[in-house]
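One structure is given here, and the rest of the page talks about it.
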Amino acid sequence: MNYILRDENALYYECGYSSDNAIFVSLGSEKWLITDSRYTVEAKENVKGAEVIEASDLLGALRALLRGRGTTKLLFDPKEWSVSALDTLRGKLPHVRFLPRPDFSHRKRIVKSPEEIALLRQAAELGREGFATFAKYLGLFGLDRREKRLHFEAKAAMSGYGEYDLSFDPIVAIGPNAAKPHALPTDVVLKEGDLLLVDAGLKYRRYCSDRTRTLFVKEGAAFDDEQHFSSPKIQKAYDLVRKAHDRAIEQARAGMTGARIDRLAREVIEKGGMGEFFVHSTGHGVGLDIHEMPYISARSGTRVEEGMVFTIEPGIYIPGEFGIRIEDMVVISGGRAEIL
């Protein structure tokens with residue numbers, strides 16, 4: 001198979017190394033990583049199964065490589081390439097047919113190897129520890145702090161105070177701000193009795209974790225699954241989200257479509273009378289990227305298989321009032337969903 005890749009995680013998956021200025025080329029059994037002189041020493045130390053080519057003009061080196069081997073067909077992911085770069089390649093290589101394959105690398109990576117699952121499991125464990133560290137901070141110093149400060153402290157705790165990269169910028173939202181699924185931090189101050197939603201993750205050897213918890217803020221509060229809110233409306237919503245989360249994980253099976261698993265969660269919230277407030281899909285794949293295939297959505301016809309890793313994260317968001325989400329990563333193992 002002949003293909004070219006430019007996305008950093010796609011490159012890393014192919015050869016164990018990436019940089020922000022590189023192209024991976026596969027022509028049958030021959031493979032190359034083209035990069036510039038800033039990265040060649042490190043690349044030669046880390047690249048596996050491919051030859052490193054140093055070039056100041058990456059596209060020029062790619063053209064020379066393709067001409068030299070008489071390549072006539074080449075797959076690429078249009079999401080990775082700019083219009084300008086493709087126009088340049090097509091203009092100089094009129095004999096090559098460039099065949100678009102959206103999500104080419106994601107499709108290759110959709111089933112995780114045992115080694116990848118072990119890395120994702122470790123990322124999830126470290127992520128849980130990060131939540132516990134942040135909970136300790138909240139218990140000691142969290143009250144009367146602004147969301148912006150809590151967001152900063154969440155980043156510090158989740159990274160192991162600089163030990164790990166983050167999977168994404170954490171979401172730390174109080175009360176009404178939590179009704180925005182991807183809320184940005186504000187100047188709102190945390191008070192006892194508030195609802196607090198935290199969505200965060202870290203990277204372990206480049207593999208991501210992703211977890212969300214919603215808690216009732218009180219002395220000794222923790223990111224436990226069981227929470228008791230003073231508002232009956234919030235408690236009802238929380239219990240529905242938790243039931244939807246648990247049902248989807250308990251009943252998910254290999255061979256089900258993403259749409260069917262989404263339905264397992266969505267039916268609970270709809271039957272509870274809050275379906276209109278579940279505004280996003282139930283989950284997404286996780287790996288080298290924080291959002292990968294398979295997608296657990298109402299439109300997903302992908303059948304989940306052994307070794308696929310994805311999130312289950314139902315939520316209820318009532319604008320101006322509150323938002324609730326509970327999220328865990330799972331792997332299909334032995335035909336069922338196992339929480340990582």
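Exactly one residue among 168, 131 is at pLDDT 95 or above and part of a helix (DSSP H, G or I), and that residue is 131. Residues in region 47-63 that are among the basic types (Lys, Arg) and either buried (at least 16 other Cβ atoms within 10 Å of the Cβ) or under 8 Å from residue 34 (Cβ atoms) (or both): 1 in all. Exactly one residue out of 297, 281 is free of Cβ contacts under 8 Å to residues at least 24 places away in the same chain and in contact with a Ser or Thr (Cβ under 6 Å, 6 or more places away or on another chain), and it is 281.
Within region 232-258, the only residue that satisfies the criterion of being over 28 Å from residue 115 (Cβ atoms), among the small types (Gly, Ala, Ser) and touching a strand residue (DSSP E or B) at 6+ places or on another chain (Cβ under 8 Å) is 237. Determine whether residue 170 is in the same structural domain as residue 315 (by TED's automatic domain parsing), in contact with a strand residue (DSSP E or B) (Cβ under 8 Å, 6 or more places away or on another chain) and surrounded by fewer than 19 Cβ atoms within 10 Å (Cβ to Cβ). When the stated conditions are applied, residue 170 does not pass them. Of 218, 236, 243, 180, all but one fail to be over 18 Å from the mean Cα position of the chain (by Cα), in contact (Cβ under 8 Å) with a residue 40 or more places away in the chain and surrounded by fewer than 20 Cβ atoms within 10 Å (Cβ to Cβ); the exception is 180.
Residues in region 1-46 that are among the hydroxyl-bearing types (Ser, Thr, Tyr), within 25 Å of the chain's Cα centre (by Cα) and surrounded by fewer than 22 Cβ atoms within 10 Å (Cβ to Cβ): 3, 12, 13, 19.
Tell me which strands (runs of 3 or more DSSP E) are completely within region 12-103 and hold 1 or more residues being free of Cβ contacts under 8 Å to residues at least 60 places away in the same chain and either under 26 Å from residue 287 (Cβ atoms) or aromatic (Phe, Trp, Tyr) (or both), or say none if there are none.
22-27, 30-35, 51-54, 97-100
Number of residues in region 139-167 that are aromatic (Phe, Trp, Tyr) and touching a strand residue (DSSP E or B) at 6+ places or on another chain (Cβ under 7 Å): the value is 1. In contact with a Pro (Cβ under 8 Å, 6 or more places away or on another chain) and not hydrophobic (A, V, I, L, M, F, W, C), is that true of residue 225? Taking the combined requirement at face value, the residue does not satisfy it.
The values are calculated or read from the model by the stated rules, or taken from the named source; none is laboratory data. None of these values were measured; they are calculated from a predicted model. Here Cβ is always computed from backbone atoms with ideal geometry, including for glycine, and neighbour counts include all displayed protein chains.
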